[in-house]
Amino acid sequence: MEMFLTWMLLGLLLRTGTTQNTAPEGVLNCCEGDVLFLLDSSGSVSSYEHSRMLSFLSELLLPFSLGEDQVKVGLIQVGTRPRLEFGFDDHSSQSSLQGALTGIKPLRGDTNTVEALKMAKERVLIPGGPDGSRAGLPRVLVWLTDGVKPGDVVEPMAELREQGVAVLVVSTGHSNYQVLRQVVTTPVEDHLHFVDIDDMSIIADDLRDAIIEIIRAGRIQVRDVSTNAATLQWRPVLAGLNGYYEIRFSPVLTGGGAGGVGGTGTSPSTGGSQYQRVTQPADSNTVRLTGLKPDTTYSATLTPESNDQAFNTISVSFTTKPEAHSPAVVTVSDSGPTSVRVSWGPLQPEKVRSYHVEYSALPRGKLHAITVGGAQNSTLLRDLQPDTTYLVTVSARHVSGKESAMSVKACTQEVTPALADLQLTTVGSDSVQVDWKGSVSGLRGYWLTWEGQENSVVGQRSSFYLPPDSLSTRLTHLPPLARVCVSPIYRTARGEGLCCTAQFNTDAFAYGYQS
């Protein structure tokens with residue numbers, strides 16, 4: 001009996017030791033990346049729910065290897081004033097991390113998720129900062145929320161995704177599904193989880209697998225994808241070794257190569273289509289693939305070649321962005337009282353035969369239209385009504401027979417007088433200071449005329465030109481009750497002017513001069 005009890009005790013100790021050191025297959029030393037958790041600890045989360053979330057994080061993170069060349073973890077609590085509990089460099093061992101998780105207390109207050117995201121973006125998820133992530137490595141944001149009044153998170157989450165941060169969400173309450181599916185990184189079914197607070201353990205494996213898929217050390221990151229180019233980034237496993245990286249890429253299930261850099265060959269993995277080949281030195285971790293076709297799915301493989309050590313080939317697929325068909329953008333400029341310039345792009349003369357521009361005053365003005373060639377990217381709309389809003393539609397008539405269009409609103413300026421507020425100020429017995437205001441650009445100058453009216457010698461009249469930047473002058477030796485007029489000069493004619501009569505106390509007799 002004593003021997004039996006001894007073996008039972010030994011078996012229990014072995015079982016306990018095995019449980020403490022067991023990690024899911026492929027997790028230890030699997031990954032390299034930075035994972036930030038956004039933990040809701042506002043007033044809507046009870047103490048019990050908060051403790052359950054922390055226990056879930058402990059279970060989720062326990063299998064990972066932590067450290068400089070492994071996984072780093074940070075945590076921000078969400079409350080009225082969000083708080084960074086620990087950054088990426090604070091815990092490099094499981095014992096340190098697990099101890100920190102057990103000591104976290106809830107913040108309470110409002111659910112200020114937007115401010116927490118701002119902190120995450122500016123302090124934690126930005127590479128190179130004091131609490132920042134590591135450059136060149138995948139970054140993950142995992143948001144744990146009860147779903148109660150999270151705030152307007154769609155835009156800040158979109159900004160993080162645009163910066164290469166993968167967003168995952170776990171909701172333990174009645175959240176708005178449409179909002180949460182907008183903020184997570186695709187695929188939604190892998191990165192968005194709804195679970196009861198008491199059943200969080202059932203999603204631990206799936207959520208961990210989703211994180212591993214993003215930060216797996218051997219995977220290729222695809223960045224800066226455009227219509228004809230993409231950047232591949234990988235972990236530099238050949239750093240310090242002799243060798244090089246061989247990159248092959250080709251369109252999936254299409255014939256013909258993509259064109260661009262490197263040599264070509266036949267790719268057995270893409271149904272016999274041609275592939276492009278390019279090599280990079282051992283100390284590099286990125287390559288820019290160019291000459292790609294728009295709206296096309298490509299398969300790329302990366303093979304580290306070295307005589308010092310054997311490495312597996314890794315692969316990735318990506319799809320280039322579709323080509324923007326003109327007009328993709330329409331802008332309005334040079335707005336005046338009777339004209340505006342409408343411009344559009346991109347210019348595609350090889351694909352567009354002509355552009356048809358229609359415009360009418362809102363709400364129900366007469367429709368006007370003009371047509372310009374496919375090599376033209378702007379036109380000036382003339383003879384418009386001042387201070388009026390127009391609807392302008394630019395339609396591209398493609399060589400293929402298709403049409404595409406885009407509309408904008410254009411506003412003309414209100415008419416302001418070219419000349420205003422003419423004033424005469426007497427200076428002495430026969431002189432006046434003439435001042436006025438001009439408000440329309442494009443004037444060629446001003447025409448000033450004075451003329452005697454009563455008891456004046458016939459021929460007492462004088463006119464002269466003033467430059468457009470002149471808004472005043474002084475006239476001397478004027479006859480009594482002289483009539484002074486100032487008119488604007490346009491490119492083709494003289495405009496309507498303003499006149500005033502000079503009043504003097506004496507009967508001066510003179511010819512009048514400009515001083």
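The values are calculated or read from the model by the stated rules, or taken from the named source; none is laboratory data. In this text the structure is predicted, and so the values were computed from the model without any measurement. Every residue, glycine among them, receives a Cβ derived from its backbone with ideal geometry; neighbour counts consider all protein chains shown. Keep in mind that these areas ignore ligands, DNA and RNA; they rest on the heavy atoms of the full protein, side chains included. Shrake-Rupley method; radii C 1.70, N 1.55, O 1.52, S 1.80 Å.
Structure data summary
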quantity	calculated
Overall form of region 339-492 per C-alpha gyration tensor (a/c, 1.5; a/b vs b/c)	prolate
Those lysines that a straight Cα-Cα span of less than 27 Å connects to Lys366, excepting residues fewer than 8 apart in one chain	Lys402, Lys409
Shape of region 146-221, Cα gyration tensor, a/c cut at 1.5	oblate
Exposure of Asp387 as accessible area (Å², to 10), given a probe of 1.4 Å and all protein chains	110 Å²
Positive minus negative residues near Thr313 (Lys, Arg vs Asp, Glu; Cβ under 11 Å)	-1
Area accessible to solvent at Asp89, 1.4 Å probe radius, in Å²	100 Å²
Most to least packed among 278-285, 228-235 [average Cβ atoms within 10 Å]	228-235, 278-285
Solvent-accessible surface (1.4 angstrom probe) belonging to Ile212, in square angstrom, nearest 10	10 Å²
Alpha-carbon centroid distance for the pair region 161-239 / region 330-383, whole angstrom	44 Å
Within-14-Å neighbourhood charge of Lys293 [Cβ basis; K, R +1; D, E -1]	-1
For region 69-84, 3J(HN,Hα) per residue [Karplus equation, 6.51 cos²θ - 1.76 cosθ + 1.60, θ = phi - 60°, Hz, x = Gly/Pro]	9, 10, 9, 10, 10, x, 8, 10, 8, 9, x, 4, 10, x, 9, 7
